[in-house]
Structures are given as structure tokens and as C-alpha cells.
């Protein structure tokens, strides 16, 4: 089931990550490997032009077969072959590809949650993804403070993306390391909360054109949206739909599923702005171990209870001021794998951090996530910044 | 899974026919009946405005829950209650409704096959619905003859639609019986075959604007269609996709899945025309017992092997010249059930006969089926007629 | 300027009717005739596939050149050549074509008014087409009476469409003359008025699904229409936009610019129906001389003041129950001219009579006008009929 | 006439620039001023939310009235009042507004040319805007050289946008002046020519997915474009449509009317990239006096004959690598005038320089023009840059 052109069925995510290993590791590098099914590459290639034609993205919902069971079998087949491949020592190139495949799969683990939430939200009765998740979140407020930064020349990004050699994985779009010049700024030490967002709504935030970019305002008029995507006012009380179903709004929880246009309007209303990605990277701490996908906590936590008290990681992705463009000197890898990130560098905005659905070990300070500024089905929120 | 706005998921068809019994029989007439689930009426009402709001048709594919197993349970619940209802003697009204519910379900049994074929055809690899059906059809040609009719005043239609009283079921749109005046005509004694359709194609039938209604020609230009919907030319050989998968074209099999615009163009090319529904009804025989849905024969048969040698019934529905309008003096039943047929009487063309997927006992000479003239996912073919 | 895909710019109408004479009379029949401009046939062919390719209909608004003055010059060129052609005696064929060309032009004279009204209505301030037309219409009510008809076999239509031979012009779609069988019926002796339409509105006519065909109801929901196209409620008072600008509603004026779906719903609400075209033709009188386009009266008149007291002609076209299909035995003329009417005989409803914008001499009892049932930019109203 | 939603009719441009003076200068600051027509603000407001509601942009083509003559009269009325206003000494604020209004009008003078070209290109026969412009351009080649820049900290932008005080006009989006850090780079000393673009085409540039951003590639597949917008291959020879009509391709003329996606793909194919706007600004010279709109030269000139031999100005706007975002510390002016630039800073790319249709005195080194990366009806070309 595919609830919009940008989302994919759960089954498809699973088959696609399996296909990635098959296509980039097994087929070219395991001598006696035979494709599980010669038709699968057509079905489960996402967007790699260089490895052949593929099923159109917006028609992924039409793939009735193979069924769930057969995809599990496909996964077993590929896992077993990967096992064989890794019995002998891997070349640096192969080792890098294997690690890339695992990070690719982690990305899809999170996307799968975002897509599932969207799909369930389109069901007339909005069933829960997982209703055992108890709502034990404590909504203690935590006042915001501004962290100061003096600006000047700074270094951001990663040196290169060969994980085996440098003992650390990153995507190609985080490279190369380079200098930027910053003006002095301050940045918030926590995320914007639902309580603050309510003030924005109550102050007419969705009705004041002066707060919005022109394109965002036009979209708003068309959609008649007047609150974040999954908010719902029932008998004068706000409810929020999430993976654990529809629940009362938790005021101190970080706001999530807002578009860049919403985040930008909120920041303007706050007499502030979104941070640039460089500012964010300079101010952020490191991902704490506890900030990752946890089926008992299917929603972001308040700053008072988040494992990362400044909420850089593990709650919601954070929109930045920065358009997603290549770093100076960026070169995509050669071959099909070069299509991974490079070709999406237009009409997207960078998000930093990680969300409550990001798998353990996947987050990092230099990570550049990106989505179109009008998208709001992702786990996306914001923190503020200001010039000094 | 919903492969186009006009089609419905298999699961939905099953739940909807169950809902029909629940809504029109059990809820108003079985005193202690309790709805299986108060949300189901919203999900499974098709188009009855008078019984409440409903889920939009084109979003039926989003109903992930209830699942197949729960719908089977729903059916058991309703069957059991119907059993109880029918233990005591039924009023005429109730008995009529029960019979209507059964005919309604039979319609959906056939629609389900049409929709499944469409859905499978949209899968990139076109899997078969049922591949055990062996292709034992004999493709013996049978020359066509013209049946003559002298015209004049004739009577068509059914007296009224109360099945219990008149011991015969019909839908309201077949009433009232009335007179029409016809000019002398002749009508073919069998259906148009794939072999004849190939001649039409080879003679440029899909490229000659003079053969087509303006609207059909414009649609053709847009779709770039140049053969019936499920035909496919592979290496200079024609194949046809059907419930039994993609197979070589059987030349003497009746052509199926053509739109009214295609049928009309073919008739013009043949220097003939489609029959009016009155002409068809006067010339047709009665449905033979063997002409009905048979899982071993998932395709129409040639005139030489059809149980109904003149092929009025049991192969493909037959487009007529007649627009679907009410018969003179037609009155829909009162209440919600009046929405069954009456409100669709515009921009549709009448089809007569029945198809290889029509359930046993469902066909009859006065039956008025109807679809939009551009539709071609139904089991629809044609026979010719001419003025004398 | 083209205000919707179905409408054409005024300039285009003038050039197209000129082109018609050039293409069907001058070019094939005047030996030394030279095209005014070899590019014009491409620009001003409406839909004749057989005479060559053409500019797409929905892009007629892009033809900035030739300008108005050059089109007047084009017309002069063609008029002068027609003069020469008619100096010698014309063959029957040529004479017929000439008469056809004139009736074709008359049709466009009326269409031009309909299109101009639509265009002006889309202007933000709705300027008048001609504001000198004084609103001297007297709105005297005239009670309705039912004209009785006993039904039985009747003859309608015209024998054939060769005007010179039979001294009377008609279009091919009015032929051949043929018999129909009718049940006894009654038909109203005047048109439905705005006053009656207001009652329909006030009784919830646009909110009651039971009154509407399914397709009309769906369109209504989408458009949020709740009154005829050019009606406008300003401060609790109804105004109507017409060629003379926006004016207060005249209660006894026939309602105009309603779609077939609206007319059909109104008839159902009245416990009546629309007449079939055969019923209309049998009951109608003959067009009176005074019922034609008059720049001083740019709106329909009440039954009390109409030159045709039963309002068959000269006020508004009248929707019928009948789908626009060929008469039994109909054959379009050979060649390109056969595209005039025949290829539009699907998904259209027949209208009878004529309107206040129909040119003098153009109306006749057997005339079959036709539009899609959802269209409402034409001068279209209704009268009622009932079974006896 | 409006040939696409983004373009405006010529008449509209003229009325809108007049409205700008009326709204921002006369109405608030000339005490006895009376609006020429109280309805005009609704018709000719482009996008200023703060000054009232307005006619939708994509329906500007429907404004049949006022006509051209009345708009000239409107202009006269406003000019006369401006004359009166400027008789007494102006405050700094008013003086700034007057200068802004003039630069605003200059922008529309150029937009009017771009829109007119688009409109004429949509006419089936592509008439010339001005055919007296003789094609005397000399197509002498000029080899390209790379200008070197060592990078490091650099200053770009303008201090502030109050023209009267600082004796120099600029738009608010060029402020504030700020520092950026650049890596060493080289930038071309002339524009890319049609000859070079032909090589790109001949090398399969429009068929190689690896050269394109994903969004650009998808658009290309949909549009089936395989050359710049106004190029046209006739009998194996390339022609280009411009304001002077369709003419043979001038090989050494700068390529124009390419989208950012095309420019970016070309740069990748050249093993180079587009310059950032900072790089461009640092390398550029000053606009020479002769580089401006000249009705005798309605096309860009070759580097050998351009008044600006390095072609920074006066030929075509030049796409940059930079997304259009606010400079650090940017603040839009208060009030409605703050909507001029600020609210468009998303999903647009910056262009630098000026074109052959830019009015005299309008160009400057810090000027930030911007369009969506898929747009190609503007006079847009490119020059290359590379990392050292």
C-alpha cells in the first residue's frame, strides 16, 4: 500500500535494502552468485539510472507480488550469500560497500516508520502502528537558553568517506572538510516545543502572510492547513496522531512533522531564524548512546527527559537555513554509487541531528539529511538561532 | 490494493456485499441485531447517500484495516444473523430485499474478477490470477449469419421488479414493460472474434479518424492505444493478458475488453452498426444453463464451442447503440434502495447479455448492464446489426 | 482571449466561418481562387480531420496574429470571391454548400455571444457586453398549463438535408424522418421561470442528493455551486450577469444557463421530467418571425411578453430527456462535411427550440442542438413534461 | 494574452508599474491625490499581501478591460501627479521610494521582453516581435581563458539600500555587506557559446543521466526537450527563435534561455562547475555604458563584439551555483515594501550580470537576480568556474 507518491510500501523498503546488497556487493564481487530472481532488480531499484531500468516510484503500491513471505526468503538468500562473501578477507572497496549498505538500510528503517505513519494517517480511522507503547513521557518544561558562538573561520564536514581506512563512516555529501566564515551567533539549547507552537497558532501564525515565504503561503492557502500535519482539534482540545495512535497533545514534547516553510515562519514570528548547517554543526554535541529507535517510546521526548539534554540527537531532525548544495570541492564517487546523494542537491533544505526513529549508531554531527521545504511527513522539528 | 479509481480491492468487494445485507435487512428488520462494527458502514457503503456518509471511492486502497481475516469474520457474523432472520417467514418486502442482496452480491462477484484482472495487468510482470486454467479452448471458426427481423411495434422490458410476487427477479431499471417501434433490421448470430478485430487493426482501424466518434478519437490520440486494452504485441506476435495470464491470441475467441468507442468504430468499419438494446432483446434467446463462471475456463469461448451457440450469454457483455436512460414510466423504488440504478442514467451506454465471469443464474434477456463509453476494463465485446 | 477550453475568441469565430466558405466552396470550386493566406487553414479549421491538421482548440487564445483588421480583410477577400462564384448558376451541390455555410455562420453568431458572456463573466469586474440595452422587460407572471398528447405512433425528423431540392434547409442530424412510439404525455406551455427556480433553491434543491444524477451530484460537490452559473447573491438579493451586465433578477424571466444535471434535478423536484425530443417536436409550434437576436433585448423574456407565447423559440434552448444519438437509418454526408454533426453523437444531450441570441431564420421545429450534460455556459433552460 | 501562468500580458506590465508609483508614493504621500480608478489596485497589484487583495496571477490574461488606451491614460494621470509630488523637495524616504519605483519599472521593461518572446513562441507561426532588427552580429570566435583567484576571506554585497543617502541604488537583497571564505578558483573570461552548446548536444548531453540533477532529469524525460527552449532543428539545420524572429543559429553567440538544470549539466559535462555568486562578484568588472537594451540588437553578441569584452554584463544573465537565500544579517524593509524580495528566498537560484534587454543604468556587480532552476524563458546563460 502506497499512501502518496513519495512514500513506499513497507514491503518495498525491505526488498530494496536487500537488493542494494545484491546489486553492489554480490553480483559484481561474489563469483558464483546467481540473482535470486532476475525480475527483482527492476522492481526494487529505487533511482540508480546506471544499473538499469526500474519500476516507477509512484507505482510501487501496484507490486502485489512477490508477497511478504517471499521477500523474507529473498532476504535469507542474500544474507546467506553475504555470509559467504565475508568469510574471506574483504578488500577495502568491498568493506566500504558493505558498511555503506548497512547505513543505507538504517536510513530505510527510519523512512519505513515515517511512511507507515503517513499511511496509517490516511486510513479513515487512523489505527496505531504499535499501541502497546505506553504514554509515560513526562512533560516537564525546561526553559530555553541561548548558547553563544563568536563566529569567525571554522571548519566543518568530514575529510573523506572511505570508512574502512579512516575507521569512521560518513556519506559522501559530508565531504570534503572545508572552512566557512561565520558571523557571531547564538543558538538555542533545546528544541521548540508543542507548547510554543500552540502560542504561534494562537497568535495567528497560520494567518499572517508577513511571516511566510511566498511559496509556503500559497501552499498554505491551497491546503487550508492551520496546524502541523498530524495535529487534530477535537472539541476544542488538540490531539496528535503518531505511531502510537492519536493522543492528547504533550505540551513539552518537541513539535514534529512540520515543513521547512512552517519552521521558517515560526522562527520569523519568534524574531529569530533557523541556524545554518555550519552553525548547527559547530554548536552540537555528540550523539549519546541512548538516543535511538525504541519501540517503547514512539514519539519525541521533552528536553527534561531526553537522553541528550540539549536535544541535538534522538528526538527530531532539525531544519536549517541552508539549502542542500555540494560542499566546495565535493566529488561524488565514481559509478552508480555516485548517484546515492549527489543528484538530489537542488530544491532541498538540509536537516541536522537525528530523530526518535533513527537506528542506534546511525547519527553523527556532520550528517546532512535533506528534504523538500514543503515536505512534512518526516520527523522534522526545529531549534532557533539569532545574530548577535 | 486499488489499481485505478474505478476499481476496488478484492477485500472491499467482499465487505461491501456483506454490508449490504447488514444495512438493508438486518439493521432495520432484525430486532436484536447489533452492528458488527459501528465503523464498517462508513468504510463499506459504496454510494448510498441516504444511509450516511462514506469513505471516498478512489481511496478504497487506503483501508489497510480491517484485514482479510476480520472481513471473513464479519461475513460469518452477518450470515449467522441472516440465518436467524430467515427462520421465521419473511414478508414480501423482506424476501424481495434478500433476493436483491443476492443479486447484488453476484454482480460484485463478476466485478471482482474484472478489477483483479486490471490490478494484475498493472503489475510490472503481469502475474496470472489462476494459472491452473488450461488453455483447452478450441478455436474453430464459425461463419457469421444475419438473423432477420421485420421491425414494427414490439414490447420490451419487465412488468415490475418485485421478485417474490412475480416469481422472477429483475432490477428496477428493466421496468416498466413498454412498446417501441423498430425499423426492419438484421443482427449477427455470433460475436465479433479476435481474428476479425485483427483485420480491423491491420486495415488501419486505429489510425482512421473517419471511423471514430470525436471523443473516442481524442482519447485514442492521448493514450496512444492501437489495440484492445490487454493485447500486447511481442516480437510480431499478438498476446492477450487474461485471468489465466498472458497467452497467445486465440483467433476465434470473441474479442473482449473493448470500449464502446472501439466497438462503434469497428462497426462503422464493417459498414454496420451496433444493435439497439431493443433489437438485441427481441433477437436474443434465453441463457443456457452452462453459460456461467467456471474457474477452468477463464476466457470467452469461440462460437463453435460456446454452450450458447449464438453467444447471447456467457462469453462477453455486448455493447449496444443505446444510451442508458430510464424506460418510459420508470420509477425508482422509494428510499435508499432507489439509488441502486436510477442515479447512474447519464453518460453511460447499455450492454446486454452476460460474460464468462457472470455467476450462474444471474443472466437474463432483459438485463441492462451499463458502463461509460470509454471504459474497457470490463468483459465487453460486441455483435453487429444493420438496417435492412 | 479564451476564457476556457470550450470557448473561442470572438476573432476566431469570425475567421473560422470565413474559412468554412473558403475551404468547402472556393478552393475546390472556383477555378482561379488562391488562398488568402496558406497558413490560415491551420489556424481556423475547427475539427475537420479530413481537410488537414489544425491548431489545438484549447490554444485558440494564443493566436495573437492575424489581428482583427486583417481578419476583416480576409473576410472581404472571401466575400468578393463568393460573389464571383455565385455570378454563374450554381450546381445543386454548390448551392447546398453555400446554404450550409450560411447556417454554419449563424450557429457561430450565437456561439460568439455565449462565449463572450463567459469571457466577461471571468473578468474580475464583469463588464457588460452592451450596456445600452435597457431593461424594459415586463415581468408579468403567466400561469402554466399542461398541453395533452395522446401518444401512439408519430413521425419526427426531416426527410433529407438537401436544401435546394426540397426548398428547406436542415442539418443532416435531423434526418431521416422516422416513426417513434410514444406513451400519452403532457408538456408545459411555457418555460420554467427564475421565480420557480428560486423556490427550488429555497427548498434545498442544491443540497438534496436524491434529486440528482450521481455524476451531477459529484460535480456539484466539487464546484460548490448552489445557483445557476451567472446568479450572484449580493446582500441577500439575487443578481444575474448577462450580456447587458449584472442586473437584479427578473422573476418571470425564463431561467437560463443551467446544465442538464440542474434541469433534470429541477424536474425531479417538480415531480415531473424533461420531455423527450420526440415529445417536444410533436408539441411545438413554429418559430414566429419576431423571435430572434435583437441587440435591444439581450436576455430572455417572460411568457407574457415573448413573441412566441408558448416560448418554444426565441428565449432559451430547452434541455430534453434524449441523449444525442443518430436517428435510425442516419447516414452522414460523404467527405469532410460528414464530420459536421455525426462524430459528436456520444455523451451529449439534445436541446430543442432556440434562444434570444439565435439569428433570424435559423430556428426550426426539428432542429437538434446538443451539449454535454454538465455544460452551462449556453443559453439553456427547460420546460417540463409528465406521463399521463 | 497570457501564454503561461508565470508570464504576464504586456498591458499588465505597464499598468502594474504605474500602480506601484500610485500605491507607494502618491496615495500615502500626495495629500489631494485621488485614485485614478478604485478597481485598479485589485487588478494590478502583483503580490503585495499587505496592501490588499488582488487578481490571481495565472488569470491576468482574463483582464480584457481596461484596454491599452485607458492604461496609457492611467499612466498620464500618475505621471502628472508624480510631477506635482516632486515639485517640492522630497524627504529621504520619498526619494528612496521614487528611485525604487524606477528600478522596479526597469525590471518590468526587461520582463516584458521575456514574456513577449514566450508569447510569440507559442503562436503557431512564431511571428517576430520586431523584424527590422538586422542580423549584423559578427560571429567571431574568441578563445576562452581562465581568470585565477586565490580565494581566502572576501567581502561581498552592499552596505545598505538607502539610495539617496549613499548616492547609489541597490535592492535590499544585496545587503548587508559581509565576509565569505572562498577556496582558490578560476572562472571563465567569457560566456558559453552556442557552438559549445552544440558540442554538448552532439555528445549526448541531453541523453546522459549522469550529467543531470535528478529533478532536472525527470523534467527532461517528461518534456522530451533535447535542446535549449527556443532552438529548433529544421532539415538538419539549427534555428533559434528570438525577438527578431526565427533565424539561423549564430555559433559564437552566447547560449541563452537555458534552465539552471541545463547549465549545471553542461558544466558537469565540461568537467567544471557554475561559479558561486561570491566568486562571480569578486571576478566581475563593472557594467560598461554600452551594454543595454538596444532595439537594433535583439540578441546577445559574441565575446568578440560585445561592448563588455568579458561579457559580465549586457548579454545574458548567468546562472550561479548559489541558492537564493538571505545574506547573513539580512533584514527586509518594514511594511509592504518588505515583500519586494524577501519572501521569494526559497527554491530559486541566483543569476548574476545583466542581459541584452536590461535597461541602461540598471546593471551592477552586486545585483542578485533569481529564478526557479527549471525556468528557461528568461535571457539566461552561463559561464564556467573550477576549483584550483
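Some points to look at:
- Counting the residues of segment C:155-177 that are surrounded by fewer than 16 Cβ atoms within 10 Å (Cβ to Cβ) and within 12 Å of chain B (Cβ to nearest Cβ) gives 2.
- Residue in segment D:16-23 that is assigned by TED's automatic domain parsing to the domain that holds residue D:84, surrounded by fewer than 16 Cβ atoms within 10 Å (Cβ to Cβ) and either closer than 20 Å to residue D:336 by Cβ or at pLDDT below 95 (or both) present: no
- Filtered residue count, segment A:153-166, keeping only those that are over 26 Å from residue A:381 (Cα atoms) and not in a loop (DSSP other than H, G, I, E, B): 5
- When segment B:304-356 is filtered for residues that are within 12 Å of chain C (Cβ to nearest Cβ), on the phi > 0 side of the Ramachandran plot, surrounded by 19 or more Cβ atoms within 10 Å (Cβ to Cβ) and in contact (Cβ under 8 Å) with a residue 40 or more places away in the chain, nothing remains.
- The listed residue being surrounded by fewer than 17 Cβ atoms within 10 Å (Cβ to Cβ) and closer than 27 Å to residue A:301 by Cβ, out of A:202, A:189: A:202
- Looking only at segment C:189-205, and only at residues there that are touching a residue at least 40 places away in the same chain (Cβ under 8 Å) and over 22 Å from residue C:306 (Cβ atoms), the one that is farthest from the other protein chains (Cβ to nearest Cβ): C:203
- Check on residue C:169, within 30 Å of residue C:107 (Cα to Cα), touching a helix residue (DSSP H, G or I) at 6+ places or on another chain (Cβ under 6 Å) and in a loop (DSSP other than H, G, I, E, B): yes
- Figure legend. Inter-residue proximity from segment A:246-265: first residues farther than 11 Å from residue A:192 by Cα, second residues in a helix (DSSP H, G or I), beta-carbon distance below 6 Å, spacing 6+ or different chains. Indicated pairs: A:249/A:194; A:261/A:216; A:265/A:211.
- Remark: residue B:325 matches the filter, which requires a residue to be closer than 29 Å to residue C:279 by Cβ, touching a strand residue (DSSP E or B) at 6+ places or on another chain (Cβ under 7 Å) and in the same structural domain as residue B:373 (by TED's automatic domain parsing).
- Only one of the listed residues (B:238, B:231) is modelled with pLDDT of 95 or more, more than 30 Å from residue C:342 (Cβ to Cβ) and over 18 Å from the mean Cα position of the chain (by Cα). That residue is B:238.
- Residues that are under 30 Å from residue C:278 (Cα atoms) and out of contact with any helix residue (DSSP H, G or I) (no Cβ under 6 Å at 6 or more places or on another chain) number at least 1 in the following helices (runs of 4 or more DSSP H) confined to segment B:175-282: B:214-223, B:260-269.
- Checked against (1) in contact with a strand residue (DSSP E or B) (Cβ under 8 Å, 6 or more places away or on another chain); (2) at pLDDT below 95; (3) outside any loop (DSSP other than H, G, I, E, B), residue C:131 passes all but a single condition, namely (3).
- Members of segment D:334-378 that are under 19 Å from residue D:158 (Cα atoms) and in contact with a strand residue (DSSP E or B) (Cβ under 6 Å, 6 or more places away or on another chain): D:350, D:351, D:352, D:353, D:368, D:369, D:370
The values are calculated or read from the model by the stated rules, or taken from the named source; none is laboratory data. Since the structure is predicted, the reported quantities are computational estimates derived from the model, not experimental observations. Cβ coordinates were reconstructed from backbone atoms using ideal geometry, including for glycine residues, and neighbour counts include every protein chain displayed.
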